Amino acid sequence: MEDMSRMPIKTLVTIYKTYMGHYNLKRRISKSKAQVLYIYGEKELNCVKESARLFQQLHPNTILYEAKGYNHGYLSAYLPQEWIDLVVPFLENND
């Protein structure tokens, strides 16, 4: 969040349109056989959490992981080793 003030307005508008706009995920995603690890922060906006649940409904091979106590992107940006400890086993199990 502290970096928010340094973001260009155009980037903030894009973020807003992506999460608050009217984006529809293509239904054909449900045909994908890919395994997905969907990581989101506990302190995310409710629309992001709902988006994760909807994605999982459309793509059942999705594992949802709520990073307890964190905002958007905090785990990967500020605690990269924790992120690696979470993601590497997922990748190794899905070769």
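Every read-out reported here was derived from the displayed coordinates using simple, explicitly stated rules and does not represent laboratory data. All of these numbers come straight from a predicted model, not from anything done at the bench. Neighbour counts are summed over all protein chains in view; Cβ atoms, including those assigned to glycine, are modelled from backbone coordinates with ideal geometry.
Numbers at a glance
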{"item": "Cβ-placed point charges (K, R +1; D, E -1), dipole of the chain about Cα centre in debye, nearest 20", "result": "700"}
{"item": "Three-way shape call for the chain based on the alpha-carbon gyration tensor, with the a/c threshold at 1.5", "result": "oblate"}
{"item": "Per-pair calculated FRET efficiency, R0 = 30 Å: Gln57 and Tyr78 via Cβ, rounded to 0.05", "result": "0.50"}
{"item": "For the chain, with +1 on Lys and Arg beta carbons and -1 on Asp and Glu, the positive-most of Gly69, Gln81, Ala34 along the dipole", "result": "Ala34"}
{"item": "Reachable lysines, given that their alpha-carbon falls under 21 Å from the alpha-carbon of Lys68 and they are not under 8 places away in the same chain", "result": "Lys43, Lys49"}
